[in-house]
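Each value in this text was obtained by applying a stated rule to the coordinates, not by laboratory testing. This is a predicted model, so every value here is computed, not measured. Heads up, the Cβs are rebuilt from the backbone with ideal geometry, glycines too, and the neighbour counts pull from every protein chain shown.
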Amino acid sequence: MATLVSPLGFRARVAIAALSAFPLLAAVAWQNALAQARPPIRNIQVDVAPLRANVGEPTASWVQQGLPSQLSQALAGRMTPQGGTLVVRIDYVTLGPNKDSWAQDNISGVAMIGGVQWPVRAITRYQASAVDQALVQESNHRRVTQLLQALTYWLARGL
């Protein structure tokens, strides 16, 4: 038994399909426009001199060792020989005191590329454990690593 399809029904289905595809196409176009608007990056420099003066060691070394590789990974798709240098200056890392076994940690500084600079900051929450008191340096290193991960996430999204 053959089914007859009215021309009006077929046109309506085509129109619905086209209208349904529009938001998807618009989202893809928007993402492409954002990707093109973001400046390409040639290399990454991390300046921890202010952090070293404000907080000292070993925190400054942890940031200097960890942040460049995390940023390189997160921004790998935007690295090109024609790009500019991304300079991230870290001014402060604050590992907050424990309150009800939780602490709030902060990292802040400035990111610069192509003559434009903007403040950067990330906040993480850290749940303290009984082991942290015995292994303070290891605990603090973990906390700084979490801050670097959060800062890298926001820098990769915002650049």
query: How far, in nm, would the chain grow between residue 52 and residue 79 when pulled straight, counting 0.36 nm per residue and subtracting the alpha carbon separation?
result: 6.9 nm
- line: At R0 = 22 Å the Cβ-Cβ FRET efficiency linking residue 146 and residue 64, nearest 0.05, sits at 0.85
query: Which value, in debye to the nearest 20, describes the size of the charge dipole of segment 39-158 about its Cα centre when Lys and Arg Cβ atoms bear +1, Asp and Glu Cβ atoms bear -1, and nothing else is charged?
result: 360 debye
- request: Take 112, 79 and order them by how many other Cβ atoms sit within 10 Å, fewest up front.
  value: 79, 112
field: Alpha-carbon centroids, segment 95-159 and segment 37-86: separation in whole Å
entry: 15 Å
